[in-house]
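The values are calculated or read from the model by the stated rules, or taken from the named source; none is laboratory data. Keep in mind it's a predicted model, so treat the numbers as computed, not measured. So basically every Cβ, Gly included, is an ideal-geometry build from the backbone, and we count neighbours across all protein chains shown. Heads up: the accessible areas ignore ligands, DNA and RNA and are worked out on the full protein's heavy atoms, side chains in. Shrake-Rupley method; radii C 1.70, N 1.55, O 1.52, S 1.80 Å.
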Amino acid sequence: MAFRLSDEQRAIREAVRAFGEEEIEPVAREHDEKKEYPADLVEKAAELDFVAPSIPVEYGGAGMDTLSTIIVTEELWRADPGIGSAIGSRGFGSNMIRKYGDEWMKEEWLPRIASGESACCSCISEPAHGSNVAGIETRAEKDGDEYVIDGNKMWITNGTVADVAVVMTKTSPDEGHRGITAFLVPTDSEGFRTEKIDNKLGIRASDLAEVILDGVRVPEENVIGEVGKGFYQLMDFFASGRASVAAQAVGTAQAALDAALDYADEREQFGQKIGEFQAIEHKLAEMATNVEAARSLTYRAASYVEDGDDQLATQFASMAKLFASEHAVDVADEAIQVHGGAGFVTDHPVERYYRDARITKIYEGTSEIQKNIIADNIQ
């Protein structure tokens, strides 16, 4: 299956790449070292429709299709994974609002997210429940015309900067995944607290937090979709989420490959450029091949997500995430090897790419979980 980008998609790629080269790359190292959230770059990216680009035009978004959105993600992460994550994650949870939320939720929050005014976070994982979503313990108990939410969420992207959260809870604790309900929770609600996690290995410019919900009260109208249907609603977005992580991995791998190519053309040993040695040529050839293979698989997954083919979208999104994330780490590792000792210090960006790439093997389902999903779909 060949993927030929439309003129519009090529223009989107060029625009995001220019933004990355001009605005992100010059400050990437500083934001990583200071673990500093790039609020000013988020604002600039929003002006160019790079924040939550899939939000429909009627709600203030760019209304991009899945492949175009994937291209935005890839190019932001190519410029810098940490800042790319901070920009690209501003809309986490907005797809749940868009598809299952009441009209008032869409009108109140989607334009604010698309414009960069507000950020959204999706509260799913818990300290004892990562891959096992059905096992979450956060409770939402009915009290009159309100629900009272108590629980603890962990590894929440945008936890301390979000203005609204999509919170997965148990409304019927004894019913497993059938008892899960999604709620729209403003983060300024009484009892909603966050604790920043800043000792991360990589993507340090992105916000990560633990979220504590202590007697948070929300009206029953804040149920997203239907009571007891939250797990099924969430499943609708795993394919697109995993395709997005695959795009993150592709962008990171491409950045590492670009750095290796540049260094191999500059560094000289034994009277010639190291890129002229066959050992280095073979490394670069394998790296480039794996990046292109990952990109092709990711774009194919995006096409199935866009077409609404649930079975193929699930299968290929997991394949893309597995392949792209594993090879992003490998390509970044080889980029360090090409740099030799210079790759082991922060003078060059490849050590950062190596650290940043590692998360793509973990979130949105670990590599091991992806293998389970793929096996289930091919048998």
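Could you check, for region 276-289, whether at least one of its residues is in a helix (DSSP H, G or I) and of a type in the set (F, W, Y)?
No, region 276-289 contains no residue that is in a helix (DSSP H, G or I) and of a type in the set (F, W, Y).
Quick test of your reading of the structure: K153 fulfils all but one of (1) among the charged types (D, E, K, R); (2) touching a helix residue (DSSP H, G or I) at 6+ places or on another chain (Cβ under 9 Å); (3) closer than 20 Å to G241 by Cβ. Name the failing condition by number.
Of the numbered conditions (1) among the charged types (D, E, K, R); (2) touching a helix residue (DSSP H, G or I) at 6+ places or on another chain (Cβ under 9 Å); (3) closer than 20 Å to G241 by Cβ, the odd one out for K153 is (2).
For region 139-155, enumerate the residues that are in a strand (DSSP E or B) and of a type in the set (D, E, K, R). Write out each step before concluding.
Start the filter on region 139-155 by keeping residues that are in a strand (DSSP E or B), which leaves 139-143, 146-155.
Listed by number, the residues that qualify are R139, E141, K142, D143, E146, D150, K153.
Which residues, counting only those in region 58-80, are closer than 22 Å to D356 by Cβ, out of contact with any Gly (no Cβ under 7 Å at 6 or more places or on another chain) and open to solvent by less than 10 Å² (accessible area, probe 1.4 Å)?
Result: I70, I71, V72, D80.
Restricting to region 191-213, give me the number of residues that are touching a Lys or Arg at 6+ places or on another chain (Cβ under 7 Å) and either open to solvent by 50 Å² or more (accessible area, probe 1.4 Å) or closer than 22 Å to E107 by Cβ (or both).
Matching residues across region 191-213 total 3.
Output the residues belonging to region 1-42 that are more than 20 Å from I203 (Cβ to Cβ), free of Cβ contacts under 8 Å to residues at least 40 places away in the same chain and assigned to a helix (DSSP H, G or I).
Selection gives D7, R10, A11, E14, A15, A18, E22.
Just give me the residues in region 143-156 being closer than 13 Å to E210 by Cβ and open to solvent by 20 Å² or more (accessible area, probe 1.4 Å), in sequence order.
G151, N152, M154, W155
Here are the criteria: (1) surrounded by fewer than 16 Cβ atoms within 10 Å (Cβ to Cβ); (2) of a type in the set (S, T, N, Q); (3) in contact with a Gly (Cβ under 6 Å, 6 or more places away or on another chain). Tell me which single one Q233 does not satisfy.
Going through (1) surrounded by fewer than 16 Cβ atoms within 10 Å (Cβ to Cβ); (2) of a type in the set (S, T, N, Q); (3) in contact with a Gly (Cβ under 6 Å, 6 or more places away or on another chain) one by one, Q233 breaks only (1).
Are there any pairs with C-beta distances below 9 angstrom linking a residue in region 104-115 that is touching a residue at least 12 places away in the same chain (Cβ under 8 Å) and more than 18 Å from N158 (Cβ to Cβ) to a residue that is in a helix (DSSP H, G or I) and open to solvent by less than 30 Å² (accessible area, probe 1.4 Å), with the two at least 6 apart or on different chains, and if so which?
Taking only residues 6 or more apart or on different chains, the pairs are K106/I97.
On the given criteria, is I55 open to solvent by less than 20 Å² (accessible area, probe 1.4 Å), part of a helix (DSSP H, G or I), aliphatic (A, V, I, L, M) and in contact (Cβ under 8 Å) with a residue 12 or more places away in the chain? Please lay out each step first, then the result.
Numbers: open to solvent by less than 20 Å² (accessible area, probe 1.4 Å): yes; part of a helix (DSSP H, G or I): no; aliphatic (A, V, I, L, M): yes; in contact (Cβ under 8 Å) with a residue 12 or more places away in the chain: yes.
No.
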